[in-house]
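Right, one structure below, let's go through it.
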């Protein structure tokens, strides 16, 4: 086992990783930008190194600065968290070439799964169900129209690279396809690093359900259950829960088995997530994509399994070949607490004048901020993750209502009122919801 870990991230996830690194008796090294100098993760690390200005390109996304920080601090391993360099194969190679341990899958696995077209073709070959769609990048609108005619409307248009729902759009006819194709093309050139576009058959009334996997050092891949991530705004997750209330046990078992095959197909190492779209009416599923990193919503899996996924990442990177002991029980729900307007979901950064986190049985808060800190406009507006656990879903929902009401944030805008509204919505409370729920709530 290495003795020191540089956490190449910020805010909530940096703080989360630092906690486990130190709990395991290892040294945690943080890197930070000028805008983040006063955040808790900087103070709580054993050592913290300033990277540069607030602009991510001059700090968190400057590979040379991050690697230099690892060198001067004597770090032996690098944990990327999520976002930033977490799914960057080039950075993973640079870490390995510098003689450090990369806490994540191989650069080759990151590359294979980072291109959504390549990923869906690889998964299809491995026997994982995929939606009808394009096997090669769509070059232009004319080609897209032809492909859509073969697939059948409605179609989902998305970029081959990138993540987080950026650039995704649904087309119900040729006019809608032209608009969605232009939107995806702009997003691809801006965020994805590739201009490639792909089309897939769009599933009406779909649920977004993902499977947490762990790839061990001996090549074994295990599945640690699923998470339902169907509560989304602009194709981006807001609330996640496990187990999913919308799938049967038979479908669950098929999804877990498929996720294991997906991990085996790329020789996956460490924590990863196989994302699927579930047809709620037909109780069937198709592969969506694979995230080669720790997910934002990993705490709900930890709450029901008793497994510390960050600890598993560290152990596996150090050569661990034994699967963790899992005793799955109960129900867990996570609410992403964003600095954003609860009606239109636009970012609303600002200084935090009051920050009072809820507590009590079954309540966990993973936060990146404290009272007196400022949420700046330079990064994702996620402030904290409010997680609740109960022996039943009903108990988890009741604890969530109390915890949301007890969470006090004054200063920046926040979406806690939306969370409270969701907890009273009959579709969510009944578990019969899909990815269109938030849009219907705001229609």
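Of the residues examined, residue 101 is one that is at pLDDT 95 or above and in contact with a strand residue (DSSP E or B) (Cβ under 6 Å, 6 or more places away or on another chain). Restricting attention to the range 30-46, the residues that are surrounded by fewer than 20 Cβ atoms within 10 Å (Cβ to Cβ) and within 18 Å of residue 16 (Cβ to Cβ) total 4. When the residues of the range 420-430 are narrowed to those that are assigned to a loop (DSSP other than H, G, I, E, B) and touching a helix residue (DSSP H, G or I) at 6+ places or on another chain (Cβ under 7 Å), which ends up nearest to residue 388 (Cα to Cα)? Step by step, filter the range 420-430, then rank; the result is 423. Restrict the check to the range 82-91 and report whether at least one residue is crowded, with 17+ Cβ neighbours inside 10 Å, in contact (Cβ under 8 Å) with a residue 12 or more places away in the chain and farther than 22 Å from residue 273 by Cα. No - not one qualifying residue is present in the range 82-91. Among the residues of the range 355-401, those identified as under 19 Å from residue 422 (Cβ atoms), more than 22 Å from the chain's Cα centre (by Cα) and part of a loop (DSSP other than H, G, I, E, B) are 358, 362, 392. Here residue 69 fulfils each of the conditions (1) under 14 Å from residue 14 (Cβ atoms); (2) in contact with a helix residue (DSSP H, G or I) (Cβ under 8 Å, 6 or more places away or on another chain); (3) crowded, with 20+ Cβ neighbours inside 10 Å apart from (2). Answer yes if at least one residue in the range 249-264 is surrounded by fewer than 20 Cβ atoms within 10 Å (Cβ to Cβ), within 30 Å of residue 423 (Cβ to Cβ) and under 21 Å from the mean Cα position of the chain (by Cα), and no otherwise. Among the residues of the range 249-264, at least one is surrounded by fewer than 20 Cβ atoms within 10 Å (Cβ to Cβ), within 30 Å of residue 423 (Cβ to Cβ) and under 21 Å from the mean Cα position of the chain (by Cα), which makes the answer yes. Of the candidates 332, 328, the single residue that is touching a strand residue (DSSP E or B) at 6+ places or on another chain (Cβ under 8 Å), outside any helix (DSSP H, G or I) and surrounded by fewer than 18 Cβ atoms within 10 Å (Cβ to Cβ) is 328.
For residue 16, the test of being closer than 24 Å to residue 370 by Cβ and crowded, with 23+ Cβ neighbours inside 10 Å is passed. Considering each residue of the range 264-273 in turn, at least one proves to be in a helix (DSSP H, G or I) and either over 26 Å from residue 387 (Cβ atoms) or in contact with a helix residue (DSSP H, G or I) (Cβ under 7 Å, 6 or more places away or on another chain) (or both).
Step by step: first the residues of the range 234-247, then only those that are modelled with pLDDT under 95 and more than 19 Å from residue 328 (Cβ to Cβ), then the one that is nearest to the chain's Cα centre (by Cα). Which residue is that? Only one residue tops the list, namely 236.
The values are calculated or read from the model by the stated rules, or taken from the named source; none is laboratory data. All of these numbers come straight from a predicted model, not from anything done at the bench. Positions of Cβ are backbone-derived with ideal geometry, glycine not excepted, and every protein chain shown enters the neighbour counts.
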